[in-house]
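The values are calculated or read from the model by the stated rules, or taken from the named source; none is laboratory data. This structure is a prediction, so every number in the text was calculated from the model and none was measured. No Cβ is skipped: glycine too gets one built from the backbone with ideal geometry, and neighbour counts run over all protein chains shown.
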Amino acid sequence: MASDILDFELQLADVQPSAVIGACDEFVSSGRLDNQGSCYCATKALVDSLDPTKHGGVNPLDTCESINMISMFDHEEVRTEEGVLREFFVLFRFERA
């Protein structure tokens, strides 16, 4: 009976297929990509930037005067203003020793 149901949950999923968009077909639009694709690309670029073969055989960490870093935040889980502010201030705590 309906009175026996204590609670229920409804979950929806986007069924629209991915699409290549942009004036030159340079973007992929998909509801299931989330931020994982951009996080992967940023991490790969950071790792690749340390490859000595791309810097004339010299270790970039020995000659670089800047701090190479990426920031990845899970804004789907952090919805409070305090959480966003905490992430913002973390960015300013990096400094070269």
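Kindly provide the set of residues from region 56-72 that are farther than 22 Å from residue 40 by Cα, surrounded by 10 or more Cβ atoms within 10 Å (Cβ to Cβ) and of a type in the set (S, T, N, Q), ordered by number. If the condition is that a residue be farther than 22 Å from residue 40 by Cα, surrounded by 10 or more Cβ atoms within 10 Å (Cβ to Cβ) and of a type in the set (S, T, N, Q), then 59 is the only one that fits. Given (1) of a type outside the set (Lys, Arg); (2) surrounded by 11 or more Cβ atoms within 10 Å (Cβ to Cβ); (3) at pLDDT 80 or above; (4) part of a loop (DSSP other than H, G, I, E, B), identify the lone condition not met by residue 8. Result: residue 8 passes all but (2). Yes or no: region 70-84 includes at least one residue that is in a helix (DSSP H, G or I), at pLDDT 85 or above and out of contact with any strand residue (DSSP E or B) (no Cβ under 9 Å at 6 or more places or on another chain). Within region 70-84, not a single residue is in a helix (DSSP H, G or I), at pLDDT 85 or above and out of contact with any strand residue (DSSP E or B) (no Cβ under 9 Å at 6 or more places or on another chain).
The conditions of being at negative phi, in a loop (DSSP other than H, G, I, E, B), of a type in the set (A, V, I, L, M, F, W, C) and surrounded by 11 or more Cβ atoms within 10 Å (Cβ to Cβ) are met by residue 33.
Taking every residue in region 1-13 that is over 28 Å from residue 31 (Cα atoms) and pairing it with any residue that is of a type in the set (Ser, Thr, Tyr) and modelled with pLDDT under 80, at least 6 positions away or on another chain, yields no pair with a Cβ-Cβ distance below 6 Å.
State whether the residues of region 39-46 include one that is small (Gly, Ala, Ser) and surrounded by 10 or more Cβ atoms within 10 Å (Cβ to Cβ). So that I can check it myself, show each step before the final result.
First, pick out the residues of region 39-46 that are small (Gly, Ala, Ser): 42, 45.
Subset that is surrounded by 10 or more Cβ atoms within 10 Å (Cβ to Cβ): 42, 45.
The answer is yes; a qualifying residue exists.
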